[in-house]
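A.B. asks: Pasting in a structure now, in structure tokens, and then I'll have a few things to ask.
The values are calculated or read from the model by the stated rules, or taken from the named source; none is laboratory data. Because the structure is predicted, anything quoted here is derived from the model rather than measured. Note: ideal-geometry Cβ built from the backbone for every residue, glycine included; neighbour counts use all protein chains shown.
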Amino acid sequence: MARSDHSPILLSHPGAVPTPDDDPSPGVAWHYGDPLGEQRAAQRRAAVIDRSDRAVLELDGDDRLTWLHSIVTQDVASLRDRTSAESLSLDGNGRVEDHFVLTDVDGITWLDTEYARGGPLLEYLSRMVFRAAVTPVARPDMHVLTLIGPNVRTGPIAELLDIPASAQVYDAGDLPEVHHEDEPLGFWRIMPPTGEDRDLPVVDLVVPDTELALWWRELVGAGAAAAGVWAQEALRVAAMRPRLGLDTDERTIAHEADWIGTADEGGAVHLNKGCYRGQETVARVQNLGRPPRRLVLLHLDGSADERPALGDPVNLAGRAIGRIGTVIDHHDLGPIALALVKRTVAVDAELTVGAAGTAARIDPDYYTADDAVPAGRAAVNRLRGRD
């Protein structure tokens with residue numbers, strides 16, 4: 001999907017280093033000269049990150065929410081004005097095709113997703129309109145900024161954004177007018193917290209390109225440190241929050257990526273809503289079985305000469321039992337990664353990653369044993385006279 005030419009504006013900040021050529025977040029800053037220091041700023045104070053690579057779509061029309069509800073995994077039919085949610089689009093076999101955030105503001109539903117998925121998601125939504133009163137369109141003029149840190153919800157930054165202290169995760173609101181031009185001002189929304197202990201507040205701004213540099217300057221002036229997407233990625237991985245296309249592959253189902261749950265629970269799949277493509281797989285795994293793989297947080301041997309790469313195999317006793325996702329250097333934890341591994345892999349397994357055989361261990365704090373029998377399977381066993 002084509003993006004408007006925003007890069008020279010924010011990449012002109014002193015010390016800005018663009019993301020690598022093959023990075024899934026093109027055209028934004030990877031860091032501003034001190035990637036670990038930028039993470040510490042987000043951990044201790046506040047940081048602002050340009051995420052203008054996100055593809056933004058607009059849904060207009062009276063049927064937009066009920067129509068969207070019928071084709072995605074989240075319950076959005078009665079989504080309140082100025083409220084957000086996360087959702088998925090699945091294929092017919094229940095495999096994840098898209099993960100996106102949506103926010104409803106003044107009769108418009110805004111969706112944003114990965115840069116590479118903006119075009120395919122728009123194409124799919126357009127094909128599914130039929131007779132519904134809804135019009136999906138790309139909005140390459142709209143961009144996402146992300147604020148992370150304990151000072152995001154208090155003090156000068158919260159005052160600048162006019163976010164009430166009572167606002168909860170997934171609440172959204174209008175950005176205040178910061179000049180007198182007749183331009184759309186965008187909105188803020190509160191996202192689930194991030195970081196190692198999942199205690200760092202996160203606020204997104206969705207703003208038009210005419211406002212992007214202005215809001216960047218205002219936020220930095222209010223105390224937010226300029227940070228690249230390296231900082232956001234490191235904190236995301238530490239919180240064990242997967243990213244589509246990096247920590248998922250073409251076989252990933254929602255349960256494997258921990259995307260199950262209502263919007264209030266921070267999930268992207270509501271288990272008690274009506275039909276949608278791929279629902280049979282979700283219901284079957286939820287009620288009768290377990291997903292074949294699980295998402296884990298890996299701590300990697302920092303002394304290794306070669307770092308694992310995206311998609312490298314995770315090995316146990318010389319056999320591949322998973323694949324590596326995002327690999328990142330964290331300011332406190334060192335080299336860490338997300339990986340999808342076989343569900344039966346023990347938390348204390350001695351793993352290696354990639355051709356170089358980098359030693360890896362699973363973080364036990366984010367590992368939950370799943371030896372309980374699913375409710376549906378227990379009922380079947382009772383009917384068959386099994387304990």
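A.B. asks: Would you confirm whether or not region 366-379 contains a residue that is touching a strand residue (DSSP E or B) at 6+ places or on another chain (Cβ under 6 Å) and at pLDDT 50 or above?
C.D. replies: Looking for residues that are touching a strand residue (DSSP E or B) at 6+ places or on another chain (Cβ under 6 Å) and at pLDDT 50 or above, one finds at least one in region 366-379, hence yes.
A.B. asks: Here's a follow-up. What about ASP305, is it surrounded by fewer than 19 Cβ atoms within 10 Å (Cβ to Cβ) and either part of a strand (DSSP E or B) or modelled with pLDDT of 95 or more (or both)?
C.D. replies: No.
A.B. asks: Report whether or not ARG290 is farther than 30 Å from ILE336 by Cβ, part of a loop (DSSP other than H, G, I, E, B) and among the charged types (D, E, K, R). Break it down into steps so the answer makes sense when it comes.
C.D. replies: Details: farther than 30 Å from ILE336 by Cβ: no; part of a loop (DSSP other than H, G, I, E, B): yes; among the charged types (D, E, K, R): yes.
Spelling it out, it is not the case that ARG290 is farther than 30 Å from ILE336 by Cβ, part of a loop (DSSP other than H, G, I, E, B) and among the charged types (D, E, K, R).
A.B. asks: Could you run through region 126-154 and say how many residues are out of contact with any Phe, Trp or Tyr (no Cβ under 9 Å at 6 or more places or on another chain), aliphatic (A, V, I, L, M) and buried (at least 19 other Cβ atoms within 10 Å of the Cβ)?
C.D. replies: Of the residues in that region, 3 qualify.
A.B. asks: Tally up the residues in region 337-357 that are under 24 Å from the mean Cα position of the chain (by Cα) and either loosely packed, with under 15 Cβ neighbours inside 10 Å or farther than 20 Å from VAL237 by Cβ (or both), please.
C.D. replies: Looking only at that region, the number is 2.
A.B. asks: While we're here: For GLU211, indicate whether it is surrounded by 19 or more Cβ atoms within 10 Å (Cβ to Cβ) and of a type in the set (Asp, Glu).
C.D. replies: Answer is yes for this residue.
A.B. asks: Moving to a separate point now. May I ask you to say which residue of ARG95, ARG64, ARG51, ARG80 is more than 22 Å from THR146 (Cβ to Cβ) and within 18 Å of the chain's Cα centre (by Cα)?
C.D. replies: That would be ARG95, the only listed residue that is more than 22 Å from THR146 (Cβ to Cβ) and within 18 Å of the chain's Cα centre (by Cα).
A.B. asks: Let me ask you something else. I'd like the full set of residues that are charged (D, E, K, R) and closer than 23 Å to VAL105 by Cα, limited to region 182-217. Let's see the steps before the verdict.
C.D. replies: Initial filter on region 182-217 (charged (D, E, K, R)): 182-183, 189, 196-199, 204, 209, 211, 217.
Hits for region 182-217 are ASP182, GLU183, ARG189, ASP204, ASP209, GLU211.
A.B. asks: If you check VAL237 against the conditions, is it more than 28 Å from ASP22 (Cα to Cα), part of a helix (DSSP H, G or I) and in the same structural domain as VAL48 (by TED's automatic domain parsing)?
C.D. replies: no
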